[in-house]
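Okay, so here's the structure we're looking at.
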Amino acid sequence: MTETYQPHAIELKWQKRWEDSQLYRSKVDWSRPKHYALTMLPYPSGDLHIGHWFAMTPSDARARWMRMKGYNVLFPMGFDAFGLPAEQAAISRNIHPWKWTYANIERMREQLRSMGAMFDWEREAISCTPEYYQWSEWFFKQFYEHGVAYRGSALVNWSESLQTVLANEQVIDGKDERTGQPVAQKLMEQWFFRITQYADELLNFAPLDWPESIKIMQTNWIGKSEGARAAFHTEQGGHAIEIYTTRPDTLWGATFMVLAPEHDLVEKITTGDQRAEVAAYIENAARATEIERMIEDREKTGVFTGAYAVNPVNDERVPIWIADYVMITYGTGAIMAVPAHDQRDFEFARAHNLPVRVVIQPDAADEPLRGDTMSAAYDGPGVMVNSDAMNGSQSTTAKGRKNPAISRVIDWLEATGKGEEAVNYRLRDWLISRQRYWGGPIPMIFDGDEIVPVPDEDLPVVLPEDVDFVPTGRSPLTYHEPFFKVDETRRRETDTLDTFMCSSWYQLRYLSPDCHSAPFDAEEAAYWLPVDVYTGGAEHAVMHLLYTRFFTKALRDIGVFDDAAAAMRRHGRAPDGVFDEPMTVLRNQGQVLGGERQGDFVLCGGRRVGERLLADRVEVVDWNQVPAGFDGVFGELAHRTENVLHVDMAGITQFVDVQPDARIIIPDIPGENNVNQLRHHLDIQRMSKSKGNVVNPDELVERYGADVVRCYLMFNFDWQKGGPWNENNIKGPQGWLHDLWEIALAGAPDVRGDPTAERDIERKLHQTIAVINRGLEEFSFNTAIAEQMKFKNALKAALRAGAIGAEAWRSVMNRLIRLLAPFAPHIAEEIWARLGWEFSVHTQPWPEYDAEAAREEMVDLVVMINGKPRETIGVDVDITRERAQELALASGAAQRSLAGNPPKRAIFIPGRNGTDPKVNIVV
RNA sequence: GAGGAAGUGGCGGAAUUGGCAGACGCGCAUGACUUAGGAUCAUGUCUCUUAUGAGGUGAGGGUUCGAGUCCCUCCUUCCUCACCA
């Protein structure tokens, strides 16, 4: 009897030993290739979620693999520790944000340690410490001094519920993404970063190996469009109304103009008799939340200002309206309205009896379009009409200069000085001030009308601890006189930095968290940057991941990386492009969802025999729709074992035997249904405390051990997709590790071994190495583990047959345990030690894959008839085309199909990469 | 409305990227061992069919010697953005 596998003692023992021996400390070593693996740092909410395990432990396995492959790997961890929850805990539970945050960090560090990950804790960075935010402040100053940061007055997203402004990216559907409460537009003086200046460079994803979906989301977010700018002038007063359009070829079709209600010209141009109506409309629009303004198919409302403008291209007089379908935040906040060729303008024109003039006539229309009879705007291709000198130009569906009509009009506008080519972005500058306490102070001082930065020697501006957290709707710092009062005339900025600013550069602080003279050590940066592989959730697609790219580019342009570039050159490496992007490769993990147990609601009819119902009819119905007088069994299907249903009937389990010929009716699934299609759980949902389906990783570790939990998470999901939690499946990885344990502890077999079987195991081991390599390379952790399980099954069978001798056993085990090490680091280390090999398995080289050793001698030749596999013939791996075709044509399947006729073709598909050769015979 | 991802057994998911669909695991079935089993071991497990054989990756069409994979149309689900001028 071997000792049973007891994960606990083993895991704690090795975690301590690894820490004591500094196994995971990463040091700069210019003689070795580096690999900077980074996984998104957690917010210290107080408890590690299973999602953290799902994100981090596969990343850890990959980092470990890189390390064994010979890379000098940096895999750091830290905490994104500023943010609202700490402040809310302070208010609701009367505990100071420092205390709350640090207690949470203490706890989460322990939880993180229980993963057995190779985090280098000496490089830990915590964004809320003065040592850290000193440099957030310093970066702010650098940005300010280089014109990247500026103070501006702008319409900003004001969250009434949070009493703070929010970045555009934090507003979803007109609601604050945290609380789901409506956000209003408010004109405020705030600090901004000029991210828009980098819009074009941010659109260049060529240097990045990132998921397509993230690149598309960022591209859409930046929202670059090409078109033209032109100014219409008001008839009275000659005010210029700037408009931006992507369709300058329709300029001659502008029959009115629309300004956003917030547009600052509205006040100036509105005529006396329209004043009351306009004022009422503006007030209404301001009160309406963005949500109300965005309701689909909403009638297009608006009012006439009484003013007219002159269309610069044809000097036509057009009325100026205001309407809330024009957004102040996009373009110039004003549009030329071309109802014939823009659906929104069309709807507005029809609602308010405004003229519609066709200026693009479809080429192949039977009858020309007419503005008074058309039922929808026409935005297809055609030829320009009613457009003076431009008539006859071809307008295609292409955008910008690629459209001949647009290109021609732009040239004309520029030649006549009536307008110019222009690009427009949806992206707005990054609003970074927050009216909150728990964030990095903005290091600026108001001195009368002047704003000056805090001198470098006075950094960091330290966040005071003795503040009052009574919620008043303003940051507690605004009441803290010792903080804001510099002297009689000077006052400190009391707004704090958006936490996304702190997380935009943490990958740099990890390089040297104790560096006092600079945000990071140049030598470290020269060696480690950029991050080679970044893993984390896709929810950061347009916030963190866009900000950190911008941040890196801005720092590069300011010269923050100059010393690091010089250091690279000293070491003989070219710094070209190294500091352009923060993370070269990005992979997103999916989300682990909670499995909610809610079954089909079934009605079962039949005859009763004792306690059981022998059902001849089972119908799935809508929840609780039981016909009156129904005397069978009905309720939620709680469980099904083959044809036996456990039906939960008002809390009591009823057993139903479904008869073989029973009718099963499932309305969602048409046609014949069988008992297997009855679902006893569905409706998979996001984990949340209110649903009671949260999985606690600590409990799992307690029950199964960290290695089993790691392997379960890697094995049972497509990592990049995620999926529903189903703990039943944990038995798979558990049994696998258990078997490996038993095989290892049983020791080397006392048999001579069979050379053929030993060679076969050796071959399978090499094949396994290839699949694991590929799996880890491509973040396909499930297939990597599946292949290991497969090998274990083969090894177990060979051992049981007594076919493996002691020497072969030791040789196989030595490599097998190394292959296991990245996935299950503790058990691998324990077995490694027990088999008498030197500490640590994690510093061993990764087993070499030898293609020659993996090569099969015999393979199956697949005989296909018209593309369908019909027969296999065992053949030599080196079989020639001619011989394979000969064998295939002689096979029984071919003889039967051909029936004496010659084949039309016989196509030989050689076996490559371990696939079997095939011959497809076309009859 | 725009853009994107996906749809494969009872379930989680594989398929070397156009070459034997369902690897690996869960569940389930049968058997063994057991006082017992929600333990362990063995065997089986896409569907129909008598072995042979035939069909099968949301539906329908197409390209190809060959399609889960590529193209077109449609259906469903999820995600992102959303009156973007």
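Every read-out reported here was derived from the displayed coordinates using simple, explicitly stated rules and does not represent laboratory data. Because the structure is a prediction, the values reported are computed rather than measured. Ideal geometry is used to build each Cβ from the backbone, glycine not excepted, and the neighbour counts take in all protein chains shown.
Place a label point 7 angstrom from the Cα of A:Gln394 along the Cα-to-Cβ direction, then list the residues of region A:337-371 whose backbone nitrogen is under 15 Å away. It comes to A:361-364, nothing else.
For chain A, take the longest principal axis of its alpha carbons; what is the angle in degrees between that and the long axis of helix A:84-93, to the nearest 10 within 0 to 90? The helix A:84-93 is inclined about 90 degrees to chain A. Between the C-alpha center of region A:805-842 and that of region A:58-85 there is a gap of 24 Å. Taking Cα centroids, how far is region A:403-468 from region A:525-550 in Å? After rounding, the separation between the Cα centres reads 22 Å. The packing ranking, built from the mean of other Cβ atoms within 10 Å per residue, places the peptides A:144-151, A:897-904, A:250-257 in the order A:250-257, A:144-151, A:897-904, highest first.
Averaging sequence separations of C-alpha pairs under 8 Å and six or more residues apart, then dividing by the length of chain A, give the relative contact order as a whole percent. Relative contact order comes out at 12 percent. Straightening the chain between A:Ser45 and A:Thr373 buys 112.0 nm, computed as 0.36 nm per residue apart minus the Cα-Cα spacing. Counting other Cβ atoms within 10 Å as a rough exposure proxy, the listed residues A:Trp837, A:Trp809 run A:Trp837, A:Trp809 from fewest neighbours to most. With the Cα gyration tensor of region A:311-412 giving a ≥ b ≥ c as the square roots of its eigenvalues, does the rule (a/c under 1.5 for rounded; else a/b larger than b/c for prolate; else oblate) give rounded, prolate or oblate? Cα axes put region A:311-412 in the oblate bin. Here the residues A:Leu369, A:Leu265, ranked from fewest to most Cβ neighbours within 10 Å of their Cβ, fall in the order A:Leu369, A:Leu265. The alpha carbon gyration tensor of region A:22-157 gives principal lengths a ≥ b ≥ c with a/c of 1.5 or higher and a/b no greater than b/c, which makes the shape oblate.
Full extension of the chain between A:Asp576 and A:Glu420 gives 52.6 nm of extra length, using 0.36 nm per residue less the Cα-Cα distance. If R0 is 60 Å, the Cβ-Cβ spacing of A:Arg490 and A:His352 corresponds to a FRET efficiency of close to 0.65.
Candidates A:Val709, A:Ile335, A:Ala890 compared by Cα position along the dipole of chain A: farthest toward the positive end lies A:Ala890, with charges placed on Cβ. In degrees between 0 and 90, to the nearest 10, how far off the longest principal axis of chain A does helix A:731-745 point, with axes built from Cα atoms? With both axes taken from Cα atoms, the answer is about 40 degrees.
Extension gain, A:Glu465 to A:Asp878, is 141.0 nm, computed as 0.36 nm per intervening residue step minus the present C-alpha separation.
With both residues required to sit in chain A, DSSP beta bridges show an antiparallel share near 75%. For the pair A:Arg556 and A:Leu187, label points projected 7 Å from Cα toward Cβ lie 3.9 nm apart. Annotation for region A:742-773 versus region A:1-40: alpha-carbon center distance of 26 Å. The simple spin-label model puts a point 7 Å past each Cα toward its Cβ; for A:Ala231 and A:Ile91 those points are separated by 4.6 nm. If R0 equals 41 Å, the separation of the Cβ atoms of A:Lys268 and A:Val585 corresponds to a calculated FRET efficiency of about 0.15. For region A:779-923, the share of DSSP beta bridges that are antiparallel, to the nearest 5, is 75%. For region A:150-283, a/c is not less than 1.5, where a ≥ b ≥ c are the root eigenvalues of the C-alpha gyration tensor, and a/b does not top b/c. That puts it in the oblate class. At an R0 of 30 angstrom, the distance between the Cβ atoms of A:Leu745 and A:Glu122 translates into a FRET efficiency of 0.30.
Among residues other than A:Arg763 with Cβ under 9 Å from its Cβ, the summed charge is -1 (Lys and Arg +1, Asp and Glu -1). The angle between the Cα long axis of helix A:825-834 and the main principal axis of chain A comes to about 30°, on a 0 to 90 degree scale. Bridging of A:Lys186 to lysines at a Cα separation below 20 Å is possible for A:Lys175, once same-chain residues fewer than 8 apart are set aside. Projecting the Cα atoms of A:Ala389, A:Gly400, A:Tyr425 onto the charge dipole of region A:389-428, computed from C-beta unit charges around the Cα centre, puts A:Tyr425 farthest toward the positive end. Spacing of the modelled spin labels on A:Val171 and A:Asp698, each 7 Å from Cα toward Cβ, amounts to 4.0 nm. Legend: residue pairs A:Lys300/A:Lys418; A:Lys13/A:Lys792; A:Lys224/A:Lys402; A:Lys69/A:Lys731, Cα-Cα distance threshold 23 Å; pairs beyond threshold, A:Lys300/A:Lys418; A:Lys13/A:Lys792; A:Lys69/A:Lys731.
Sparse packing (at most 11 other Cβ atoms within 10 Å of the Cβ) combined with a DSSP loop state is found for the following trypsin sites (Lys or Arg not before Pro) in region A:364-455: A:Arg370.
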